[in-house]
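Read through the structure below, which is laid out as structure tokens, and then see the notes.
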């Protein structure tokens, strides 16, 4: 007799759980609240779908913070190498780009998602769109709200892959937490991750530079340093390098009210060499022109003058020191609805090694709904795929 499995959520973790269960012989149905599956996956592919990293596992694990020890066994079973091989098996023809990032040759998410959905359909996976989970009915079966009205879907195993609480317009609003809390499942509070931060810009700086990319710099916070780019926004700063430091920045703000993000605006130049360049006579040239001649033009020079209004009076040595360690006070993270991902969710102590809820035998959790976080750049997506695979494999084993 074929055993049945129900996947609640059609994101990367849910689809990977569905693939794993279907390959093991289960009859699988994926229930997705949105009209189509993979909407956040498609959003992640705007500008190029960064699938994973071409890194050894130890380096890869270094990006998971407090969850490193917990997530290590899952990534050891399905990590960056396995994620790349899986994507290539779907025709992605992956390649390694700058900073060891791995992309599909087409760069976009849509072709990969289409191939994935075709594979799942070939395995017999059924899809039920616009099917929002509402808990359990009086018989204990999962209950759903559908366009046709309330529905119940009995299954031998259930994998919940409900996502986090960011990007609510794409389906991740965290509204399901109350349904599990009512069954005794403990949660950690939702917090924004991979997010921008508010900075108190002056009106002239904001009006001129909002939306301006900040070229490559080194960003530091709480003993961690990341080299990369960012963007000045009307409210503060965001971008890949900032996202990579969002967890320590966010937690420092929670503990101390504000947090300092330090910028090295000239990461490829020694402070002494920069000071010598700044000490060259500038004659009648403005400070802006002089800074530009020294490689600190545009938004870099404007940031120096924004943080130190007396920059024109500083000595060349002091200016060089400032450019190499510019302190930027971050006031607060941007709201959760604007964040790329979220921290918080189902406490890791609530699931066993197979990601089954100990309070609800036969119900598994996967992906971002669990309390872990990772930066973008392949780390977040790879872990979602890995956890989906682990939950699907554990559910299949339970089904026998």
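To keep it simple, each residue is scored yes or no on (1) in contact with a helix residue (DSSP H, G or I) (Cβ under 6 Å, 6 or more places away or on another chain); (2) modelled with pLDDT under 95; (3) not assigned by TED's automatic domain parsing to the domain that holds residue 13.
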| residue | (1), (2), (3) |
| --- | --- |
| 25 | no, no, no |
| 33 | no, yes, no |
| 41 | yes, yes, no |
| 46 | no, yes, no |
| 60 | yes, no, no |
| 72 | yes, no, no |
| 76 | no, no, no |
| 79 | yes, no, no |
| 82 | no, no, no |
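Within the stretch 124-143, the residues that satisfy the criterion of being touching a helix residue (DSSP H, G or I) at 6+ places or on another chain (Cβ under 9 Å) and surrounded by 17 or more Cβ atoms within 10 Å (Cβ to Cβ) are 125, 127, 133, 136.
Scanning the stretch 37-71 for residues that are exposed (fewer than 14 other Cβ atoms within 10 Å of the Cβ) and in a loop (DSSP other than H, G, I, E, B) yields 46, 47, 56, 62. Taken over the stretch 160-175, the criterion of being farther than 24 Å from residue 393 by Cα and surrounded by 23 or more Cβ atoms within 10 Å (Cβ to Cβ) is satisfied by 165, 166, 172. Scanning the stretch 183-200 for residues that are over 15 Å from the mean Cα position of the chain (by Cα), surrounded by 15 or more Cβ atoms within 10 Å (Cβ to Cβ) and assigned to a loop (DSSP other than H, G, I, E, B) yields 185, 199. For residue 325, the conditions (1) over 28 Å from residue 63 (Cβ atoms); (2) assigned by TED's automatic domain parsing to the domain that holds residue 203 all hold with the exception of (1). For the stretch 309-318, does any single residue satisfy the condition of being crowded, with 17+ Cβ neighbours inside 10 Å and touching a strand residue (DSSP E or B) at 6+ places or on another chain (Cβ under 6 Å)? Among the residues of the stretch 309-318, not one is crowded, with 17+ Cβ neighbours inside 10 Å and touching a strand residue (DSSP E or B) at 6+ places or on another chain (Cβ under 6 Å), which makes the answer no. Here residue 292 passes the criteria (1) surrounded by 16 or more Cβ atoms within 10 Å (Cβ to Cβ); (2) farther than 30 Å from residue 61 by Cβ except the one numbered (1). Checking each residue in the stretch 313-352 for being assigned to a strand (DSSP E or B) and over 30 Å from residue 293 (Cα atoms) picks out 332, 333, 341, 342, 343, 344, 345, 346, 351. Checking the stated criteria, residue 273 turns out not to satisfy the condition of being under 21 Å from residue 213 (Cβ atoms), surrounded by fewer than 17 Cβ atoms within 10 Å (Cβ to Cβ), over 33 Å from the mean Cα position of the chain (by Cα) and free of Cβ contacts under 8 Å to residues at least 60 places away in the same chain. Taken over the stretch 353-371, the criterion of being surrounded by 24 or more Cβ atoms within 10 Å (Cβ to Cβ) and over 12 Å from residue 395 (Cα atoms) is satisfied by 367, 368, 369, 370, 371.
Taking every residue in the stretch 53-70 that is in contact (Cβ under 8 Å) with a residue 12 or more places away in the chain and pairing it with any residue that is in a loop (DSSP other than H, G, I, E, B) and buried (at least 17 other Cβ atoms within 10 Å of the Cβ), at least 6 positions away or on another chain, the pairs with Cβ-Cβ distances below 6 Å are 53/378; 57/79; 63/374; 63/375; 64/374; 67/372. Considering (1) under 30 Å from residue 64 (Cα atoms); (2) surrounded by 19 or more Cβ atoms within 10 Å (Cβ to Cβ); (3) touching a residue at least 24 places away in the same chain (Cβ under 8 Å); (4) over 20 Å from the mean Cα position of the chain (by Cα), the lone condition that residue 306 does not fulfil carries the number (1). The set of residues in the stretch 144-159 being touching a strand residue (DSSP E or B) at 6+ places or on another chain (Cβ under 9 Å), surrounded by fewer than 16 Cβ atoms within 10 Å (Cβ to Cβ) and not in a strand (DSSP E or B) consists of 154 alone. Scanning the stretch 72-119 for residues that are assigned to a loop (DSSP other than H, G, I, E, B), buried (at least 17 other Cβ atoms within 10 Å of the Cβ) and either touching a strand residue (DSSP E or B) at 6+ places or on another chain (Cβ under 6 Å) or free of Cβ contacts under 8 Å to residues at least 24 places away in the same chain (or both) gives a single hit, 94.
Taken over the stretch 255-270, the criterion of being within 25 Å of residue 62 (Cβ to Cβ), touching a residue at least 12 places away in the same chain (Cβ under 8 Å) and surrounded by fewer than 22 Cβ atoms within 10 Å (Cβ to Cβ) is satisfied by 260, 262, 264, 267.
The values are calculated or read from the model by the stated rules, or taken from the named source; none is laboratory data. Just so it is clear, the structure is predicted and the values come from calculations on it, not from any experiment. Here Cβ is always computed from backbone atoms with ideal geometry, including for glycine, and neighbour counts include all displayed protein chains.
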